[in-house]
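Notes follow the structure.
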Amino acid sequence: MDLNLQGKVVIVSGGSKGIGYGISSSLAAEGAIPFIVGRKEPDVLKAVQTIKEKGGDAAYAIAELTDPEQCEKAIEKVIKEFGRIDGLVNNAGVNDGVGLENGNYPDFMRSIQRNVAHYYLMAHLALPYLKQSKGAIVNIGSKTSLTGQGGTSGYAAANGGRNALTREWAVELLPYSIRVNAVIVAECYTPLYDRWIKTFDNPAEKLAGITNKIPLENRMTTAAEIADTVAFLLSSKSSHTTGQLLFVDGGYTHLDRAL
């Protein structure tokens, strides 16, 4: 299926590793130009180079997403290089383990800043250009905000905020024909997930216990599967889809665990 993304410029925050890189790669494969915004220059440059070596196109800006000035400069760089923004994927974040009992107020607020505040900021900065292109926004979220995980107050609150913003923006931006959706991630084996699994005494046993509870094929969702859904939501093939939270998780969040 041709998603009609050829030449479309799509900002992907945190687009150099894990799910973000999967999204960047999927967009490039469809002929779009992922504009990767990330803070670690070696990772960003490697991602751009790899995409280009595979025959795609990509561009980038180095920015710390918790710094409004750096975010502004990233948007300015997109416009300077391409003169347009056709889509925005808000992806970057980290489960920093800030809980209620073992956390504190400053760390909780930092978690909000790291995991949801920049979603608002990037969307706000990109909005004038998205209005011109009648573009689309896709927010990446986590099942943590819906199922609970324990000890993740900051991350859970941030993800709940991502879901709420998705639907709020979908309503607010109706007059501009800008669609806003979210893809909710459950169990996808990213570098961050690998780091978390290795905190257990028996990582292999812990991983097997999780994958055995994923109803569809008892396996992790791949970054590519999430990325392809994001590409679809950014495309004209999903032209009447907005305000939705789509779960790409093999049924892990909603289907009966007895399966």
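The values are calculated or read from the model by the stated rules, or taken from the named source; none is laboratory data. Since we're looking at a predicted model, the values are computed, not measured. Cβ sites come from the backbone with ideal geometry, for glycine too, and all protein chains shown count toward neighbours.
Quick notes on this one:
- Residue in segment 133-146 that is modelled with pLDDT under 95, crowded, with 18+ Cβ neighbours inside 10 Å, more than 14 Å from the chain's Cα centre (by Cα) and not acidic (Asp, Glu) present: yes
- Subset of segment 207-221 that is surrounded by 15 or more Cβ atoms within 10 Å (Cβ to Cβ) and touching a helix residue (DSSP H, G or I) at 6+ places or on another chain (Cβ under 9 Å) - its residue that is farthest from residue 185 (Cα to Cα): 207
- Restricting segment 189-218 to residues that are in contact with a Lys or Arg (Cβ under 9 Å, 6 or more places away or on another chain) and part of a helix (DSSP H, G or I), the residue that is nearest to residue 250 (Cα to Cα): 211
- In the condition set (1) in contact (Cβ under 8 Å) with a residue 40 or more places away in the chain; (2) touching a strand residue (DSSP E or B) at 6+ places or on another chain (Cβ under 7 Å), residue 231 is compliant with all but (2).
- Among the residues of segment 243-255, the ones that are assigned to a loop (DSSP other than H, G, I, E, B) and either buried (at least 18 other Cβ atoms within 10 Å of the Cβ) or touching a residue at least 40 places away in the same chain (Cβ under 8 Å) (or both) come to 8 in all.
- For segment 107-146, a residue qualifies if it is among the hydrophobic types (A, V, I, L, M, F, W, C), in contact with a Ser or Thr (Cβ under 9 Å, 6 or more places away or on another chain) and more than 23 Å from residue 77 (Cβ to Cβ), and the qualifying residues are 108, 146.
- Within segment 86-103, the residues that satisfy the criterion of being surrounded by fewer than 23 Cβ atoms within 10 Å (Cβ to Cβ) and within 18 Å of residue 118 (Cα to Cα) are 94, 95, 96.
- Residues of segment 64-85 satisfying the condition of being in a loop (DSSP other than H, G, I, E, B) and surrounded by fewer than 24 Cβ atoms within 10 Å (Cβ to Cβ): 64, 66, 67, 83, 84
- Test for residue 171: is it assigned by TED's automatic domain parsing to the domain that holds residue 88, in contact (Cβ under 8 Å) with a residue 40 or more places away in the chain, surrounded by fewer than 16 Cβ atoms within 10 Å (Cβ to Cβ) and closer than 29 Å to residue 108 by Cβ: yes
- Segment 52-91: number of residues that are touching a residue at least 60 places away in the same chain (Cβ under 8 Å) and under 20 Å from residue 110 (Cα atoms): 2
- Of the residues contained in segment 227-242, none is found to be surrounded by fewer than 18 Cβ atoms within 10 Å (Cβ to Cβ), among the small types (Gly, Ala, Ser) and touching a Ser or Thr at 6+ places or on another chain (Cβ under 7 Å).
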